[in-house]
Amino acid sequence: MESEKTISELVVDEEKKMEADDQGLKAIRKESLKLPVILVGSLIYSVGLNCFLRPLMLYSSGLMGFAQLFETLLLRMGISFGGFNISGILYYLLNVPIILVAVRKMRKRFILKTIFAVTAVMILLSVIPIPAAPILEDTIANTIIAGLICGSGVGIILWTGACDGGMTIVGMLVIASKGKGSVGYISLIANIVLYTIMLFLFDIPTVIYSLIYSVFVSIASDRIHTQNISSEIMVITKLKDTRPMEIEVMGRLHRGMTEINANGIFTGEPVKIFIIFISKFESARIKGIIRSHDPQAFIVETENVHIDGHFLKKLT
């Protein structure tokens, strides 16, 4: 009998139902609808890079920066590509070994969407023309706008549960294993190494402006990448039997709950208070589950909370 099962057994049953749903046609349709969004994010990123950053002769962050660096070195060695922009192709090739490592540690749907995103970026960077002169006269304005545009594109891709490749995958792998940090922060640390190398190859203004660009990419991507924003949900409910709600939250979202028994001061009625820590990305879903069980529940959400301890960041 289901009523005789422990709550942990019921949660496991709910998890199995979710896994079955994830493997069905419904999940495939849901993921396929994200592909146009990934394409839009890839387009935004590519426009920001080719139209705003490249005319300044500045360098991107992460693996894309290394791809641009390799392209410059090849040109200095006298290897010509007939004016064709090969940085996207080099970026794709540099991503291959990283994706192969991620295949063993990340979900299949994440890998497939990431391959789609990296391929889209490669193609778009190859076909979008680079203006002969900067769009804006002011270098710092071009740099900041390029960072915000590219960071927004990266953030959109991350929001879909995919990745634009490069140091973003490395950052997500680190976060998945350590449970701490942010993609933007880890990428920024890696960029310091990249730009230190560039100090020996280019002039200081080039490195400084490129570093400013990477800072704004990190800021913009972290703001849109809601999976990386931790939130606290507090639920106050008068439900007598909250077990079905607890099972669905823990089974469907794989999130723990802390229950507190209390009483309303004005009415004196017994209430239950639940405290749940989630990512901002899960906010709408968990609220939907709670409302389906108790439309009158009182829900308080606090964003950007600092969590010190075992907390699983589900980035994909």
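The values are calculated or read from the model by the stated rules, or taken from the named source; none is laboratory data. Computed from a predicted model, the values in this text were never measured in an experiment. Calculation scope for accessible area: heavy atoms of the full protein, side chains included, ligands and nucleic acids excluded. Shrake-Rupley method; radii C 1.70, N 1.55, O 1.52, S 1.80 Å.
The range 61-124 has equivalent-ellipsoid semi-axes of 27, 12, 8 Å, by the square roots of 5 times the alpha carbon gyration tensor eigenvalues, sorted largest first.
On average, how much accessible surface per residue is there in the range 48-126, in Å², for a 1.4 Å probe, leaving out ligands, DNA and RNA? Let's see the in-between values first.
On the way: 3640 Å² over 79 residues.
For the range 48-126, the solvent-accessible area averages 46 Å² per residue.
Just the projected area, averaged over all directions, of the convex hull on the alpha carbon atoms of the range 185-305: how many nm²? Could the numbers behind the result be given before it?
Numbers: hull surface 39.3 nm².
That works out to 9.8 nm², a quarter of the Cα hull's surface.
May I ask you to give the solvent-accessible area per residue for the range 240-291, in square angstrom, as obtained with a 1.4 angstrom probe?
Details: 2770 Å² over 52 residues.
For the range 240-291, the solvent-accessible area averages 53 Å² per residue.
With the largest listed first and rounded to whole Å, the semi-axes of the equivalent ellipsoid of the range 203-260 from the Cα gyration tensor are 46, 10, 7. The fraction of Cα-Cα pairs per 5 angstrom bin, counted from 0 for the range 113-153, comes to 5, 19, 17, 26, 17, 9, 5, 1 percent, rounded to whole percents. A cut-off of 5 Å between modelled amide H atoms, ignoring neighbours fewer than 5 places along the same chain, links Ser279 with Ser231. Figure note: Arg223, Arg255, Arg54 ranked by solvent-accessible area, largest first, 1.4 Å probe, ligands and nucleic acids not counted: Arg223, Arg54, Arg255.
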